Each structure stands twice: as C-alpha cells, then as structure tokens.
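Scroll down for the structure; my scribbles are underneath it.
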Amino acid sequence: MSWSINKSGTVEEVVMALKEQSEYLSDQSKEEYDAALPHMIALVEQNIIGTVNLFACGHGVKDSEGNFVDRSCSVSIAR
C-alpha cells in the first residue's frame with residue numbers, strides 16, 4: 001500500500017494538514033502513515049518561521065501473515 005501528501009503553508013497549517021490526512025486513509029495505508037506521522041510533525045516543527053513546503057510519501061509490504069517485511073518513507077521539506 002502507499003500514501004502521499006503535498007502541502008504548503010505555515011508550520012501550523014502543515015501540521016494540521018498532516019494530522020487531517022490520517023482521516024482520509026484506511027487499512028494498511030493508514031497504519032503506515034500513522035506510524036510515520038509523529039516523525040513528520042517533528043521535522044516540520046523544526047522550521048520556526050516562514051512558509052513550509054512539504055512533500056512526503058511512503059509505502060509498505062506485508063507478508064502473508066500480515067507482518068511488515070518492507071517499509072519506506074521519503075520526506076522533503078523546504079522553505
């Protein structure tokens with residue numbers, strides 16, 4: 001499964017968008033996103049002033065027993 005988000009705005013707006021994105025996902029994509037969410041928020045909050053441009057995406061693969069065997073997440077933040 002996979003997920004992605006692209007948002008520009010103040011730090012507060014981007015953090016709010018990150019939290020809201022979780023509500024639109026389901027199943028494995030939501031599980032993967034929610035695991036990455038606190039880390040993405042922490043990275044965004046390191047930008048104190050100005051506009052933040054965030055693009056993040058991730059995906060994961062589960063085996064037949066439902067265990068993750070591969071996960072990846074890429075985050076790009078610019079001001």
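The values are calculated or read from the model by the stated rules, or taken from the named source; none is laboratory data. Quick caveat, the model's predicted, so the values are computed rather than measured. Neighbour counts are summed over all protein chains in view; Cβ atoms, including those assigned to glycine, are modelled from backbone coordinates with ideal geometry.
Checked against (1) buried (at least 16 other Cβ atoms within 10 Å of the Cβ); (2) over 11 Å from the mean Cα position of the chain (by Cα); (3) modelled with pLDDT of 90 or more, Ser8 meets all criteria but (1).
When Asp27, Asp70 are screened for being surrounded by fewer than 13 Cβ atoms within 10 Å (Cβ to Cβ) and at positive phi, only Asp27 passes. Val75 meets the stated requirement of being out of contact with any Gly (no Cβ under 7 Å at 6 or more places or on another chain) and in a strand (DSSP E or B).
All conditions but one from (1) surrounded by 13 or more Cβ atoms within 10 Å (Cβ to Cβ); (2) among the hydroxyl-bearing types (Ser, Thr, Tyr); (3) touching a Leu at 6+ places or on another chain (Cβ under 8 Å) apply to Ser76; the one that does not is (1). What tally of residues in the stretch 34-72 results from selecting those that are touching a residue at least 40 places away in the same chain (Cβ under 8 Å) and under 18 Å from Trp3 (Cα atoms)? Selection size over the stretch 34-72: 8. For the stretch 65-72, the criterion of a residue being of a type in the set (Val, Ile, Thr) and touching a strand residue (DSSP E or B) at 6+ places or on another chain (Cβ under 6 Å) is satisfied by at least one position. On the given criteria, is Glu45 at pLDDT below 95 and surrounded by fewer than 13 Cβ atoms within 10 Å (Cβ to Cβ)? No, not satisfied.
With respect to Tyr33, is the statement that it is more than 11 Å from the chain's Cα centre (by Cα) and among the aromatic types (Phe, Trp, Tyr) true? No; evaluated as a whole, the condition is false for this residue.
Residues of the stretch 17-60 that are assigned to a strand (DSSP E or B), over 12 Å from Cys73 (Cβ atoms) and in contact with a helix residue (DSSP H, G or I) (Cβ under 8 Å, 6 or more places away or on another chain): Val52, Leu54.
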